[in-house]
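A short write-up of the structure that comes next.
The values are calculated or read from the model by the stated rules, or taken from the named source; none is laboratory data. Everything numeric in this text was worked out from a predicted model, so none of it was measured. Backbone-built Cβ (ideal geometry, glycine too); neighbour counts: all protein chains shown. We work out accessible area using only protein heavy atoms, side chains counted, and drop any ligands, DNA or RNA first. Shrake-Rupley method; radii C 1.70, N 1.55, O 1.52, S 1.80 Å.
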Amino acid sequence: MEKRNTFSGKIGFVLAAAGSAVGLGNLWRFPYLAAKYGGGIFLLVYLILAITFGFILMITEIAIGRKTQLSPLAAFGALSPKWNWLGKLATFVPVLIFPYYCLIGGWVTKYTYAMLADGQSAASDSYFGSYVSSSTEPIIWLLVFLGITMLVVIFGVNKGIEKLSKVLMPLLLIITVALSVYIVSRPGSKAGIRYYLMPDFGNLSFKTVLAALGQLFYSMSLAMGIMITYGSYLSKEEKIEKSTRQIEVFDTAIAFLAGLMIIPAVFEFSGGDKEALSSGPSLMFVTLPKVFNAMPAGRVIGALFFFLVLFAALTSSVSILEAIVSGLIDAFKMKRITATLLVSAYGIALGVICSLGFGIWSDFTIIGMSILDFMDFVSNSIFLPLVGMLTCVVVGFVIKPDAIISEVELNGPFKMKHFYIAMVKWIAPVLIFAILVSGILQSFGILKI
Ligand code: TRP
């Protein structure tokens, strides 16, 4: 058997996994969900879920990957032949995410360009609306973003991108910190900071918890086989528990900062209007250009910021496409180029449908959601919790927690062992199931609390 590559440096694994995890989920999706689902209460629920469910699921996936040394398609089958299909289900999730990830990536590309070309008009109220509702522009930018992603995967230049990201990601962190400090110190930001940091339990609902759970899995690339793949490349000398903590802290810190940058700004520029807070996917694009417009050298800073977001989005879209393509190669012995072209064509077709959902098809909604929101809901609020829950069931009752624990303990004690066993066997699957069912019922308007 061919020996799998392993990460060399100590920090190499953590950086690579965190680099893949940090993307639009942190910068675009987290702030708009937090704004929409009650601010502080969403943040609190998210943090609690991250240190409980997020932690046990990530450690489980990394350990499964390192133990089996297999890709997610084969890993579950190797643990228990009856559960082979769970690996397939997990690998299917990126297929759902890919088209609209590229659509939003296209929006970011457009805004990078707009900042450079004419920062001021991007700050006007109607700019975003007229852009997304157009039947051509967002589709052109979708093609640009998806095209770059496709070329990277075809030519296999990921390694170069990874090197570049070691420079650009820290830069993104620095500029995000600087922007959040700038926004927080502006006079109009008080109400927004309070909304974001002070939990109001009146805003708590199953929908909030389900949204936070889906976001957690999405942001940390959990329940879709990604961390299994990374685990399979992790050397046996590394401490899984510690690496998991570091990836989690890194990913959460970026999401937190993105919220701190965007939510107070929404308050300042809209006066805390409920409508603006719940505007969803458009939040970052409507708010940030106004901030850049109000600050000195805003156009340059704005262009740089969107460029860095674009880069973060690109590293993630490349690894999403790569995950699907390598799945197709493994499962159907397809050629790399055929698989990549096929998935890209599919991505364009669905991406175009999502895009038109903001324009000529905006009257068409499914349970009150636009097409993009609906795809996002199905993948993140249904499939991810479902796969996460089933992973816990497999570990808790089929292969038994000891199989994971012994892998984690290969080098040093597993500090949270007892917590892990209780969580993976009972607490996580039962609670995920409860959150999933009540959240879905609430979204359909069947359950009202
Ligand atoms: N976690 C990524 C983000 O926050 C998005 C993502 C979802 C992803 N699935 C993935 C990234 C698969 C890499 C691979 O934006």
Review point. Taking only Cα atoms, what is the 0 to 90° angle, nearest 10, from helix 206-219's long axis to the longest principal axis of the chain?
Key: 70 degrees
Check your understanding: How large, in percent, is the carbon and sulfur part of the accessible surface of the chain at a probe radius of 1.4 Å?
Key -> 69 percent
Check your understanding: By what distance, in whole Å, do the Cα atoms of region 322-437 stretch along each of the three principal axes, largest value first?
Key -> 56, 40, 22
Check your understanding: Using the alpha-carbon centroid of each, what span in Å lies between region 325-402 and region 17-36?
Key -> 17 Å
Exercise for review: Would you please classify the overall shape of region 45-104 from the alpha carbon gyration tensor, given that a ≥ b ≥ c denote the square roots of the eigenvalues, rounded means a/c under 1.5, and beyond that prolate means a/b larger than b/c while oblate covers the rest?
Suggested key: oblate
Point to revise | Paramagnetic reach from Phe444 in region 377-406 [backbone N under 15 Å; point 7 Å along Cα→Cβ] | key: 378, 382-383
**Study point:** Probe 1.4 Å, accessible area per residue of region 103-223, Å²
**Key:** 44 Å²
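Need the full-extension length gain, Val300 to Ser406, defined as separation in residues times 0.36 nm minus the C-alpha distance. One decimal, nm. It would help to have the intermediate numbers written out before the result.
Values: separation 106, 0.36 × 106 = 38.16 nm, distance 5.17 nm.
Residue separation times 0.36 nm, minus the Cα-Cα distance, leaves 33.0 nm.
Quick check: from the Cα gyration tensor, does region 376-441 come out rounded (a/c under 1.5), prolate or oblate?
Numbers: a/c = 2.68, a/b = 2.34, b/c = 1.15.
It is prolate, given that a/c is not under 1.5 and a/b is the larger ratio.
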Review point. Hey, could you pull the Cα Rg and Dmax for the chain, both in Å?
Key: 21.0, 63
Revision key, fill the gap. By the C-alpha gyration tensor axes a ≥ b ≥ c (rounded if a/c is under 1.5, else prolate when a/b exceeds b/c, else oblate), the shape of region 334-400 is oblate
Check your understanding: Using only the Cα atoms, what convex hull volume per residue in Å³ does region 113-216 have?
Key -> 210 Å³
Check your understanding: What number, rounded to the nearest 500 deg cm²/dmol, is the helix-based mean residue ellipticity at 222 nm of the chain, given -39500 (n - 2.57) per DSSP H run of at least four residues and division by all its residues?
Key -> -23000 deg cm²/dmol
Practice item. Give the angle, between 0 and 90 degrees and rounded to the nearest 10, that separates the Cα long axis of helix 298-332 from the longest principal axis of the Cα atoms of the chain. Key: 30 degrees
Exercise for review: Choose one of Val408, Pro199, Ala122: the residue whose Cα lies farthest towards the positive end of the charge dipole of the chain (beta-carbon charges +1 Lys, Arg; -1 Asp, Glu; about the Cα centre).
Suggested key: Val408
Check your understanding: What does the accessible area of Met150 come to, in Å² to the nearest 10, when a probe of 1.4 Å is used?
Key -> 40 Å²
Exercise for review: Mind putting together the pair-distance distribution for region 30-180? All Cα pairs, 5 Å bins, whole percent per bin, short to long.
Suggested key: 2, 7, 8, 12, 16, 18, 16, 11, 6, 3, 1, 0
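Tell me, what is a quarter of the convex hull surface for the C-alpha atoms of region 270-375, in nm² with one decimal?
Here the figure is 9.5 nm², rounded to one decimal.
Could you work out the Kirkwood radius for region 171-218, taking every pair of different alpha carbons, averaging 1/r and inverting it, reported in Å? Mind dumping the intermediate values first?
Numbers: mean 1/r = 0.0763 Å⁻¹.
This gives a value of 13.1 Å.
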Revision key, fill the gap. Put Trp28, Trp426 in order of accessible area, largest first, probe 1.4 Å, and you get Trp426, Trp28
Review point. Per the Kirkwood definition applied to all pairs of different Cα atoms, how many angstroms is the hydrodynamic radius of region 271-330?
Key: 14.1 Å
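Between Ile427 and Lys159, what is 0.36 nm times their sequence separation minus the Cα-Cα distance? Round to one decimal in nm. Numbers along the way, then the final one.
Details: separation 268, 0.36 × 268 = 96.48 nm, distance 3.97 nm.
92.5 nm is the gain from fully extending Ile427 to Lys159.
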Practice item. Using only the alpha carbons, work out the radius of gyration and Dmax of region 219-288 in angstrom. Key: 17.7, 53
Practice item. Take every Cα-Cα distance within region 134-180, group them into 10 Å bins from 0 onward, and report for each bin the whole-number percent of pairs it holds. Key: 23, 29, 35, 13
Study note, to complete from the structure: Bounding extents of region 7-84 in its principal axis frame from Cα atoms, largest first in Å, are 43, 35, 20
**Study point:** Length-normalised contact order for the chain - Cα pairs under 8 Å, 6+ apart - percent
**Key:** 33 percent
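Please work out the Cα convex hull volume for region 148-303 and give it in Å³ per residue. Please report the intermediate quantities before stating the final value.
Details: hull volume 26.3 nm³, N = 156.
Residue-normalised Cα hull volume stands at 168 Å³.
At 1.4 Å probe size, with every protein chain present, just tell me what the per residue accessible area of region 277-319 comes to in Å².
Numbers: 1180 Å² over 43 residues.
Each residue of region 277-319 exposes 28 Å² on average to a 1.4 Å probe.
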Review point. Semi-axes, largest first, in whole Å: what does sqrt of 5 times each Cα gyration tensor eigenvalue give for region 84-159?
Key: 31, 16, 10
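For Lys417 and Ser185, what is the calculated FRET efficiency with R₀ set at 56 Å and r taken between the beta-carbons, to the nearest 0.05?
Values: r = 44 Å, r/R0 = 0.79.
Efficiency computed from Cβ-Cβ geometry: 0.80.
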Study note, to complete from the structure: Of Thr91, Thr208, Thr365, the most mobile residue in a GNM of the chain (C-alpha springs, cutoff 10 Å) is Thr365
